[in-house]
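The values are calculated or read from the model by the stated rules, or taken from the named source; none is laboratory data. Predicted model only: the values in this text are computed from it and were never measured. Every residue, glycine among them, receives a Cβ derived from its backbone with ideal geometry; neighbour counts consider all protein chains shown. Note: accessible area is taken over every heavy atom of the protein model, side chains too, but ligands, DNA and RNA are not part of it. Shrake-Rupley method; radii C 1.70, N 1.55, O 1.52, S 1.80 Å.
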Amino acid sequence: MPVAARAYEQTASEFVSWARANHPSVDVEPDVVETILEFKANYFDSADPASWRAGELTEILTDIVPRKVVADQEWNDALIRTVPLFIEFLADQKRPYAIRRLRAEAEAALPAFAAAVNDSERWGVGKRLLSAMGAEGIPDQAALDELMAQFNALPFEERDRILGAMPSAGPPAEPPVPLPAVRLAPVDELAAAARSAPLVADVLALVHWLGNRREVTTTGALRVKDGKEAAVALGLVDPEELARREAFFGIRSSADLAGLDELWLTAVGSGVVRLTASRAYPGEAMDDWRSGDADAVLSAWGRLFDAVLTAVVEGDYAITAYQADVHADLPPVLFSAYVDGEISRDRVVESHAEEIAGHRMFALPSFDPKTEVRKALDNGLSRLERLGAVTIDGDAIRLTPLGVWKLNTLYTSFGWDAPSVGDLSGADTVTRLAGLSSLSDADAAEEIAAWLGTADHATLAGDLAEAIGTVEPWLRPALFDLLTRLGEAAGPAVARLVDTPWWRYAAAWYEQRGQDGPRPLSGADRAWLLADQLAPTVEELGDDVEPLRAVLPAMPDVDAIRLYDDLVRSGHPRAGDVLEALSRLATDKQTAKAARKAAFKARSR
């Protein structure tokens with residue numbers, strides 16, 4: 001019997017003797033004490049019954065026991081009777097530090113335990129399976145093999161029902177915000193990055209160790225002897241540490257070897273390892289890794305990404321409910337990094353910390369919500385980092401080129417418009433023009449050069465002139481810029497704008513080319529064009545109009561006041577909004593007052 005197990009039994013035996021002598025009318029359950037001490041050792045690395053850090057007992061009773069322990073109601077009721085007396089036993093016999101805090105934790109945690117233990121939504125997958133198959137307590141290996149054989153014989157629909165699997169609603173029809181066009185690295189570079197990822201190296205080393213085949217248990221795990229051999233061979237555990245762990249805790253299954261179990265599940269989930277009823281073989285995905293074909297390697301890496309992210313999101317690596325919540329939020333985190341280029345790690349931590357701050361364990365001074373959330377976030381992200389999908393640089397979480405490629409592929413498979421630089425060529429004129437706005441300046445310039453290099457300029461100019469009155473207002477400046485780039489070929493299309501409400505853009509086009517247009521631009525007309533181009537930006541910025549200063553020409557106060565008057569006379573429907581924004585940018589009170597007065601006039605016309 002492992003040393004730790006003997007210690008649990010000894011403490012439980014001492015407690016029962018004490019309880020019978022001091023509280024003979026209370027029927028206590030020694031297994032409750034052994035279970036609590038075992039979880040204390042496994043999850044908090046401390047088997048000493050006299051040493052309790054703040055929050056340990058709360059987490060065991062409200063999170064770990066409800067998620068993990070398969071027991072009947074009689075055992076659950078016994079826990080509620082036993083724990084308070086166990087605390088008094090500790091106070092009388094073990095003299096733990098801060099016994100009053102320990103009593104308070106137990107008093108607060110027991111009602112929460114009573115609710116959680118019967119809530120199947122709080123159960124782990126293992127507890128759901130064992131409970132559904134009629135197990136009471138933790139079965140021995142022979143009984144477990146029999147239960148798993150019975151489970152595997154069930155129809156897939158019944159297995160999904162037992163495990164709580166629900167039909168996926170699928171992704172939404174549209175992304176939360178339009179996706180930017182991203183630059184995808186060359187396939188050969190991506191494949192090289194995939195091959196060099198640390199997690200990929202570990203998975204391939206596991207398959208190399210596997211050889212032609214290995215025997216597995218009915219649960220699909222390596223046999224204990226093979227598991228220990230693999231963990232040492234792959235450098236996942238030091239031989240001396242393995243021997244110490246086996247002597248102290250005991251190793252009943254290769255699943256007890258956490259590092260190996262995670263690697264094994266990743267290999268199986270990604271198709272690198274193939275399981276039958278009793279054996280494991282190299283999977284078909286190994287053909288892709290061995291092929292040398294860059295596209296095949298990327299496909300295999302993508303399946304690894306899917307397996308890792310799915311395991312993280314589904315809570316396979318979470319101990320507590322709040323850790324599972326943080327892990328489940330990783331897809332939105334990756335989406336934000338894709339859209340914005342990066343996401344603040346602190347922002348993610350703040351968001352989750354606010355949600356869990358009311359949890360009982362965080363009422364204790366030694367538990368800080370932000371610290372715990374940051375640990376949970378890093379725990380999930382570290383797996384994607386080892387896969388080569390993300391980087392963490394201080395506060396910034398960013399996607400690697402591999403991560404960008406994978407999410408672009410994923411979002412495209414959702415049916416979303418997920419453009420990449422160079423693939424806008426098949427889009428219609430307005431869609432392609434809008435796509436330019438999501439590119440960096442360098443990428444946009446490259447895309448425009450490619451566009452103008454292949455398009456018929458007269459046809460393109462006609463499309464642009466026709467769209468000027470129907471596009472979103474924020475697109476009109478880019479549309480006009482493209483018309484000017486087309487030069488003389490745009491002349492006929494621009495001429496058709498002269499007798500439309502957009503004649504001012506036509507007049508500006510002629511003016512930029514040094515030609516006399518059919519109608520000259522007055523000061524009020526130029527102000528109209530300025531309002532038309534600034535209004536979308538003003539709307540987007542809201543109260544934060546400071547960025548407008550960078551796009552406005554420097555002008556003395558007298559010119560500013562003349563501009564305000566021209567904006568009033570321009571008749572543009574958004575002139576009042578632009579003037580209000582300009583009033584907040586004015587450098588002195590008199591000029592600001594003039595802008596506010598002009599805004600009132602413009603809105604009163």
Spin-label model distance (nm) - D417 vs R53, 7 Å beyond Cα toward Cβ: 5.1 nm
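Compute the FRET efficiency between L204 and R252 as 1/(1 + (r/R0)^6), taking r as their Cβ-Cβ distance and R0 = 30 Å, and round to the nearest 0.05. If you can, show how the numbers build up before the last one.
Numbers: r = 28 Å, r/R0 = 0.95.
Result of the calculation: an efficiency of 0.60.
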What relative contact order, as a whole-number percentage, does region 454-545 give when Cα pairs under 8 Å and 6 or more residues apart are counted? 27 percent
For region 187-305, which whole-number percentage of the solvent-accessible area (1.4 Å probe, protein heavy atoms only) is attributable to carbon and sulfur atoms? 50 percent
Can you tell me which of 410-416, 375-381 comes out highest on packing, and rank the rest after it, using the mean Cβ neighbours within 10 Å? 375-381, 410-416
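Order of 389-397, 274-282, 571-579 by packing, highest average Cβ count within 10 Å first?
Working: 389-397: 16.4, 274-282: 14.3, 571-579: 21.2.
The peptides rank, most packed first, as 571-579, 389-397, 274-282.
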Could you tell me which of rounded, prolate or oblate describes region 3-123, using a ≥ b ≥ c as the square roots of the eigenvalues of the alpha-carbon gyration tensor, with rounded for a/c under 1.5 and, failing that, prolate when a/b is larger than b/c and oblate otherwise? rounded
Amide hydrogen neighbours beyond the local backbone of V216, cut-off 5 Å, H modeled: R279, A280
At a 1.4 Å probe radius, carbon and sulfur cover how many percent of the accessible area of region 449-605? 52 percent
Taking the Cβ-Cβ separation of D306 and Y281 as r and a Förster radius of 25 Å, what is the calculated FRET efficiency to the nearest 0.05? 0.75
Roughly how many Å² is the accessible area per residue of region 429-519, as a whole number, for a 1.4 Å probe? 49 Å²
Given the peptides 528-534, 473-479, arrange them by the average over their residues of other C-beta atoms within 10 Å, most packed first. 528-534, 473-479
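At 1.4 Å probe radius, can you tell me the per residue accessible area of region 525-604 in Å²? Intermediate values should be presented prior to the final figure.
Details: 4560 Å² over 80 residues.
Value returned for region 525-604: 57 Å² of accessible area per residue.
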A296 and H457 label points (each 7 Å along its Cα→Cβ direction) are spaced in nm at 4.8 nm
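Per residue, how many Å² of accessible area does region 9-105 show with a 1.4 Å probe?
On a per-residue basis, region 9-105 sits at 46 Å².
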For D346 and R274, what is the calculated FRET efficiency with R₀ set at 35 Å and r taken between the beta-carbons, to the nearest 0.05? 0.25
